[in-house]
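Here is the structure we will look at.
The values are calculated or read from the model by the stated rules, or taken from the named source; none is laboratory data. Quick caveat: nothing in here was measured; it's all calculated off a predicted structure. Don't worry about glycine lacking a Cβ; one is built from the backbone with ideal geometry, like all the others, and counts go over all protein chains shown. Each accessible area value is taken on the protein alone, full model and side chains, heavy atoms only, with ligands, DNA and RNA left out. Shrake-Rupley method; radii C 1.70, N 1.55, O 1.52, S 1.80 Å.
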Amino acid sequence: MTSYLLRRLLALIPVLLWITVISFGIIHLAPGKPTDAAMSFNPKVSLEARQRMEKLYGLDRPLPEQYLAWLGRIARFDFGRSFLDDRPVSEKIAERLPVTLGINVASLLLILGLAVPLGVAAAVRPGGRFDRITTVLVFIGYSTPSFWVALLGMAFFGVTLRWLPVSGLHSLDADSMGLLGRWCDTIRHLILPVGVAAFVSLAGLSRYMRSSMVEVLRQDYIRTARAKGLPEHRVLFHHGLRNGLLPLITILGLSLPDLIGGSVIAETIFSIPGMGRLFYDAVMARDYPVIMALVTVGAILTMLGNVLADVAYAYADPRIRVGSQQS
């Protein structure tokens, strides 16, 4: 298993390089430059001033030379400085990371706590009343755009009922509250974003869980376990669930970048200062260092998620673990 992991990790290096090359080329081919926001709307800015600004940012050099310079900084774990405010990119990411991480971890735990039981319960009697009802509800949730759900939640719970705040992380008078009051205020602000993220993702994961468990419960070893007189809950959760979780493990491995990258749509609609909002603002302003830093982090997490999914596969299914040891 150790040699297998080492081979997989070494194979990620050329893949990551190609991802950065393609991403670097694409963002520089997009219309607009970082200097446009500061100079295009000012008629007094001369061509010489524009050229001096481009030289300051290093945009006057050939594209391969710019990429090699960026790659050299990344090799030293230096993401550079933002074009917008000249702050270190790592500092801006560190500010937004706890917010996005907290929101997405909370939504992921909520999704798993609901999707797994719903999928197992629907798979016990496929085609039954509970399965049909959850299928209709799930497909409604799966086909509903996340931004529309967010707007409906804001209109109903925030505007009509006035139960929940609709933007930001804190109230205007949060500084005058005690520690417990600030915690409660933050939780109230996070209910809608977490609920929207969980509602949209719950539909797909519960269907994956249901389809996987239906297939597992038809296997011979499940019939054998039932024939031995084992309790149904032991058959479902001890013998069936471990193999039924395999497709879910893959999805969770691929969702690892979302824990850091966040949701651009939700954070923009709810005005949450997270990683998704940072990425959106960087793209709109053509802030190349921030964009490349977030793309690189996302690519690394995606590839690591695949590796972690393979490791989790081996622990969930002994047959995979034996096969990897033989290879």
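Within the straight-line cut-off of under 15 Å between alpha carbons, the aspartates and glutamates reachable from residue 92 are 78, 281, 287, sequence neighbours fewer than 8 places apart in one chain being disregarded.
Listed by chain and number, the aspartates and glutamates whose alpha-carbon sits under 19 Å from that of residue 228, ignoring those within fewer than 8 places in the same chain, are 220. To put it simply, the accessible area of segment 47-179 at a 1.4 Å probe is 66 percent carbon and sulfur. Report the FRET efficiency, 1/(1 + (r/R0)^6), for residue 13 and residue 90, where r is their Cβ-Cβ distance and R0 is 22 Å, rounded to 0.05. E between residue 13 and residue 90, to the nearest 0.05, is 0.55.
Rounded if a/c is under 1.5, else prolate if a/b is larger than b/c, else oblate: which is segment 106-187, with a ≥ b ≥ c the root eigenvalues of its Cα gyration tensor? Verdict is prolate for segment 106-187. Modelled spin labels at residue 26 and residue 65, positioned 7 Å past Cα toward Cβ, are 2.7 nm from each other.
Can you tally the net charge around residue 218? Count Lys and Arg as +1, Asp and Glu as -1, for every other residue whose Cβ sits under 14 Å from the Cβ of residue 218. In short, +2.
Volume of the convex hull of segment 165-219 (Cα atoms only), normalised per residue: 75 Å³. Modelled this way, with points 7 Å down the Cα-to-C-beta line, the labels at residue 52 and residue 137 are 6.5 nm from one another.
The mean accessible area for residues of segment 115-197, using a 1.4 Å probe and ignoring ligands and nucleic acids, is 63 Å² per residue.
Normalising the average separation of contacting C-alpha pairs (under 8 angstrom, six or more residues apart) by the number of residues puts the relative contact order of the chain at 26 percent.
The alpha-carbon atoms of the chain define a convex hull whose volume equals 196 cubic angstrom per residue. Scaled to the globular estimate 2.2 N^0.38 Å, the Cα spread of segment 158-268, given as radius of gyration, is 1.61. In the chain, the calculated helix contribution to ellipticity at 222 nm averages -23500 deg cm²/dmol per residue, counting -39,500 (n - 2.57) for every DSSP H run with n ≥ 4.
A simple spin-label model places the labels of residue 221 and residue 306 2.8 nm from each other, with each point 7 Å out along Cα-to-Cβ.
Across the accessible surface of segment 201-256, with the other protein chains kept in place and a 1.4 Å probe, carbon and sulfur atoms take up 59 percent. Taking amide H as placed 1.01 Å from N in the peptide plane, residue 81 has its amide H under 5 Å from the amide H of 89, each at least 5 places away in sequence or on another chain.
If I take R0 = 45 Å and measure r between the Cβ atoms of residue 75 and residue 188 in this structure, what FRET efficiency does the formula 1/(1 + (r/R0)^6) give, to the nearest 0.05?
0.55
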